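**Q** This structure is in structure tokens; I'll ask about it shortly.
The values are calculated or read from the model by the stated rules, or taken from the named source; none is laboratory data. All of these numbers come straight from a predicted model, not from anything done at the bench. Using ideal geometry, Cβ is built from the backbone for each residue, glycine included, and neighbour counts are taken over all protein chains shown. Accessible surface is based on the protein model in full, side chains and every heavy atom, while ligands, DNA and RNA are left aside. Shrake-Rupley method; radii C 1.70, N 1.55, O 1.52, S 1.80 Å.
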Amino acid sequence: MNFNEKYNGYLNEFNEILNEFCSGLDCSPQILADSMRYSLLSGGKRIRPVLMFAVGDLLGVRTDKLKNFALALELIHTYSLIHDDLPEMDDDDFRRGKPSNHRVFGTGNAVLAGDGLLNTAYSILIKECRKGAEYVSAAEFICDYAGVYGMIGGQSADLLHEGDGNYSEETLNFIYENKTAKLLTTAVVVPDIIGGGKYFSELKTFGSDLGYLFQLTDDILDVEGNFHNLGKSTGKDKKAGKYTAVSLYGLDACKLRADVCAERCGTIIEGINGDGEFLINLVNYVRNRKN
């Protein structure tokens, strides 16, 4: 089975879980359910659930033990995208080639849709905690990395330093690590926690490096990409004075850093017992992605 076939296999498996969740979403008023479904079902790479299932396969952890963590993680990621597109944040009218949530449902309803997704994700994680100590640890890891010591802290720093004239590598690394890398890290560490924690340090480093790589390629695509491939506006980072690797290092040096980061990721996977071919190919996919 080639990379695309295996990726689509994981993707289809998760989409079945997501579709089942959306079918059972019957909260009132109807606009709340509609706005939550709109962003959840608007497509996307679903790289976090795919990563979680792939690492589970590498470690011998069954998907049925991971599916609710994968669902909660995708709900958290989707809420962050809804809020990220708001006029008060990145002010983007498009996401995945479609009008952003706030353009369809209004800013207030978009905020509530994001809040609803986040709170529902936490409800799912709390229910998982009933299954044992390792499930508690996995849920706690996601909550910590999605919160003020992770993604939210990174988003706050991103806003705070928007328009800074002088770029600092320390500040850039803080934003990259927290805004992007930590949520990706949960996808690869949770299967290891559920499976006993044998490769916790290695996978934590892998997740951090992969998240850094993902943000590097995001910055590159904001310069070289186009709306047709990305499904969102390009060139906005420079206009807004965002902290990016391209701004700090330049485009060519940014590409070199991405290559080095991808190589580090591959080396970590090669050191883990099991068939890591798909994950190594996934790293290359992230490095060379066009959307």
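**Q** Semi-axes, largest first, in whole Å: what does sqrt of 5 times each Cα gyration tensor eigenvalue give for the chain?
**A** Ellipsoid half-lengths, sorted descending, are 27, 25, 18 Å.
**Q** Decide, for segment 90-180, between rounded, prolate and oblate: order the square roots of the alpha carbon gyration tensor eigenvalues as a ≥ b ≥ c, take rounded if a/c falls under 1.5, and otherwise choose prolate if a/b is larger than b/c, else oblate.
**A** Working: a/c = 3.06, a/b = 1.23, b/c = 2.49.
It is oblate, given that a/c is not under 1.5 and a/b is not larger than b/c.
**Q** Summing +1 for each Lys or Arg and -1 for each Asp or Glu, what net charge is found among the other residues whose Cβ lies under 15 Å from the Cβ of residue 26?
**A** After counting each charged neighbour, the total is -1.
**Q** Taking amide H atoms as placed 1.01 Å from N in the peptide plane, list the residues 5 or more away in sequence, or in a different chain, whose amide H sits under 5 Å from that of residue 147.
**A** Residues meeting the criterion, in which the H sits 1.01 Å from N, are 152.
**Q** Top to bottom by accessible area (1.4 Å), largest first, where do 193, 280 land?
**A** Accessible-area ranking of 193, 280, largest first: 280, 193.
**Q** Here's a follow-up. Order 23, 80 by their accessible area, 1.4 angstrom probe, all chains in place, largest first.
**A** Solvent-accessible surface, decreasing: 23, 80.
**Q** Between rounded, prolate and oblate, where does segment 27-66 land on the alpha carbon gyration tensor, with a ≥ b ≥ c its root eigenvalues, rounded for a/c under 1.5, else prolate if a/b exceeds b/c?
**A** Numbers: a/c = 6.98, a/b = 2.45, b/c = 2.85.
Here segment 27-66 falls in the oblate category.
**Q** Compute the relative contact order of the chain as a whole-number percentage, counting only Cα pairs closer than 8 Å that sit 6 or more residues apart in sequence.
**A** 19 percent
**Q** I would also like to ask the following. Under DSSP H, which helices of the chain have Cα atoms covering 24 Å or more of the helix axis and a Kyte-Doolittle average no less than -1.0?
**A** Qualifying helices, which must be both long enough and hydrophobic enough, are 3-23, 67-84, 107-128, 200-224, 251-270.
**Q** Looking at segment 121-189, which trypsin sites (Lys or Arg not before Pro) are DSSP coil and have at most 15 other C-beta atoms within 10 Å of their C-beta?
**A** Those that pass, being in a loop and sparsely packed, number zero.
**Q** First select every other residue whose beta carbon is under 14 angstrom from the beta carbon of residue 170; then total the charges, Lys and Arg +1, Asp and Glu -1. Mind dumping the intermediate values first?
**A** Working: positive: none; negative: 164, 169, 177.
Summing Lys/Arg as +1 and Asp/Glu as -1 gives -3.
**Q** While we're here: Would you tell me the accessible area of residue 267, worked out with a 1.4 angstrom probe on the heavy atoms of the protein chains, in Å² to the nearest 10?
**A** It works out to around 80 Å².
**Q** To continue, here is another question. To one decimal place, what Kirkwood hydrodynamic radius in Å is obtained for segment 1-151 from all pairs of distinct Cα atoms?
**A** It is 16.1 Å.
**Q** Would you tell me the accessible area of residue 37, worked out with a 1.4 angstrom probe on the heavy atoms of the protein chains, in Å² to the nearest 10?
**A** Estimated to the nearest 10 Å², residue 37 gives 50 Å².
**Q** A follow-up question, please. Would you mind listing how long segment 102-233 runs along its three principal axes, going by Cα atoms, in whole Å with the largest first?
**A** Computed over the Cα atoms, the extents are 47, 38, 30 Å.
**Q** Using the Cα atoms as the points, what is the convex hull volume per residue of segment 73-121 in Å³?
**A** So the per-residue Cα hull volume is 61 Å³.
**Q** Can I ask one more? Net charge within 12 Å of residue 138 by Cβ-Cβ distance, Lys/Arg positive one each and Asp/Glu negative one each, not counting residue 138 itself?
**A** Net charge in that neighbourhood comes out at -3.
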